[in-house]
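The next block holds one structure in the form of structure tokens; read it before the comments.
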Amino acid sequence: MGWFPEGGEAVLREAAGALVHEFRQSAPSEAPGIPKTVGELLDRYIDQRRQDIWEGDPRERPNAEGLISPSSFEKYEYAVGHLKAWLTEVLLSQVDEAVVRQYAVNRRHKDKTPSKSDRTVHFEVNVLVFAGAWGKRFGWVAWQWHNPVHVDHDRWVNNHYTPLPHEARAVLERLPAEIGLAAELIAWTGARRGEVLRQLLVRDADPQAGFYHLFGKGRKWRDMPIHPRHMPWVVERKKAENQDEPLILAPPEHLRMRRGAYKGLHESTVQRHLDLACKAAGTPLFTPHALRRMAEDLLHDARVDPGTAGKILGHSPEVALKSYRTVRASAKRAAMFNAGLAAALPGVGGNVLQFAGPGAAPQVDLTGASMEELLAEVDRRGRMGHDRSGEVRGAAAARDAAK
């Protein structure tokens with residue numbers, strides 16, 4: 001997927017808000033002279049962004065526009081480094097669409113910097129656009145730059161796939177310790193990536209009460225139970241001297257390569273390992289957010305009422321059903337059969353276990369079958385990986401009809 005993290009739209013929203021904030025400020029007086037080159041402008045811009053870092057608890061960050069987290073600043077700084085590698089000597093008066101397009105071409109080749117995906121380059125050019133808009137406010141840039149890099153989102157199929165539980169399990173088993181733990185917490189709680197990776201701190205875990213205190217979207221808290229599998233790890237992490245550090249720390253080898261103070265896992269790191277694990281397990285590629293969609297599917301399939309599911313996911317019931325529910329072809333087929341939509345069709349009786357699931361054996365006539373035979377048939381199909389809930393109801397109906 002490249003460096004650009006899934007869900008990076010939040011970074012772009014922060015940047016847009018930052019522009020509004022910055023436009024209200026006067027030009028930095030501590031930096032003498034007017035920037036003439038792209039490199040000089042980017043240096044000024046990143047210095048301004050550095051002043052907007054919120055170093056405190058992310059949950060207590062004011063709603064003021066322009067404030068960014070340390071991890072977001074690292075993303076800006078990363079992009080600025082690559083922009084300067086190619087454009088540092090280019091005069092601001094010479095920047096046009098052709099220059100930007102040539103930068104995109106250069107970034108896709110392994111000369112000065114590693115080649116990157118369209119989404120990575122798109123983000124980097126966005127940072128250049130933000131810097132240009134900021135410079136235009138002070139008269140340093142004559143015209144508003146635009147981002148000509150197009151991203152075909154349909155190419156990123158791992159953004160679209162929601163894994164089945166057995167697929168997710170096969171992938172999670174292949175992840176390194178810290179990465180796997182993060183993925184497990186997302187799958188178990190149905191939480192957003194940022195809620196687990198960035199905003200879940202050591203002090204938010206309460207092993208005595210048995211809950212995580214998750215700070216979510218809309219600045220709302222919700223308590224999520226700690227799974228017994230994770231309890232020993234949580235108890236050990238509570239011994240940390242710094243209770244304000246992320247509950248899940250990045251591996252030591254990752255921390256040694258970082259320049260910032262952020263000690264948690266980056267979403268891009270989790271995604272990179274997920275890609276490798278998916279390929280090793282032979283499953284379709286999926287993202288951390290897909291584990292959240294999977295959680296919603298499981299809650300729905302277990303007939304958890306939408307209100308409760310919304311409280312677990314941190315969403316209104318309407319949003320949870322509209323945005324997160326993945327309706328598979330097998331689920332639609334099961335619903336149609338189990339709801340009795342075929343009752344009016346000639347030749348369809350109530351003594352047939354009608355929904356066998358995709359790839360299953362032909363329908364089995366269970367007229368007069370014993371309960372043991374019914375359950376054996378259901379178990380057989382369950383071992384094939386099909387949803388068993390509808391088949392249990394079908395078997396019960398067939399058993400009643402046979403009496």
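Just for segment 65-87: of the residues that are within 26 Å of Val202 (Cα to Cα) and not in a strand (DSSP E or B), which one is modelled with the lowest pLDDT? Here the residue is Ser71. Total residues in segment 187-205 satisfying the condition of being among the hydrophobic types (A, V, I, L, M, F, W, C) and either over 11 Å from the mean Cα position of the chain (by Cα) or surrounded by fewer than 24 Cβ atoms within 10 Å (Cβ to Cβ) (or both): the figure is 6.
Every residue, every condition in (1) free of Cβ contacts under 8 Å to residues at least 12 places away in the same chain; (2) out of contact with any Cys (no Cβ under 6 Å at 6 or more places or on another chain); (3) over 27 Å from His315 (Cβ atoms); (4) part of a loop (DSSP other than H, G, I, E, B), yes or no:
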{"residue": "Ile179", "(1), (2), (3), (4)": "no, yes, no, no"}
{"residue": "Ala187", "(1), (2), (3), (4)": "no, yes, no, no"}
{"residue": "Gln208", "(1), (2), (3), (4)": "yes, yes, yes, yes"}
{"residue": "Leu214", "(1), (2), (3), (4)": "no, yes, no, no"}
{"residue": "Asp223", "(1), (2), (3), (4)": "no, yes, no, no"}
{"residue": "Asn242", "(1), (2), (3), (4)": "no, yes, yes, yes"}
{"residue": "Glu253", "(1), (2), (3), (4)": "yes, yes, yes, no"}
{"residue": "Ser268", "(1), (2), (3), (4)": "no, yes, no, no"}
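Pairing each residue of segment 280-295 that is β-branched (Val, Ile, Thr) with any residue that is part of a loop (DSSP other than H, G, I, E, B), provided the two are 6+ apart or on different chains, yields C-beta distances under 7 Å for Thr283/Pro163; Thr287/Glu6. Residues that are modelled with pLDDT of 85 or more and either more than 19 Å from the chain's Cα centre (by Cα) or small (Gly, Ala, Ser) (or both) within segment 206-220 comprise Asp206, Pro207, Gln208, Ala209, Gly210, Phe211, Tyr212, His213, listed in sequence order.
Do you know which of the residues in segment 241-267 that are buried (at least 19 other Cβ atoms within 10 Å of the Cβ) and either among the small types (Gly, Ala, Ser) or at pLDDT below 75 (or both) is farthest from the chain's Cα centre (by Cα)? Across segment 241-267, the extreme among qualifying residues is Tyr262.
In this structure, does Arg272 turn out to be charged (D, E, K, R), under 15 Å from Gly180 (Cα atoms) and either in contact with a helix residue (DSSP H, G or I) (Cβ under 7 Å, 6 or more places away or on another chain) or in a helix (DSSP H, G or I) (or both)? Taking the combined requirement at face value, the residue satisfies it.
Tell me whether segment 12-32 contains one or more residues that are at pLDDT 75 or above and over 26 Å from Leu200 (Cβ atoms). No, that holds for no residue.
The values are calculated or read from the model by the stated rules, or taken from the named source; none is laboratory data. Being a predicted model, the structure only gives us computed values, none of them experimental. Glycine gets a Cβ as well: all are built from the backbone with ideal geometry, and neighbour counts include every protein chain shown.
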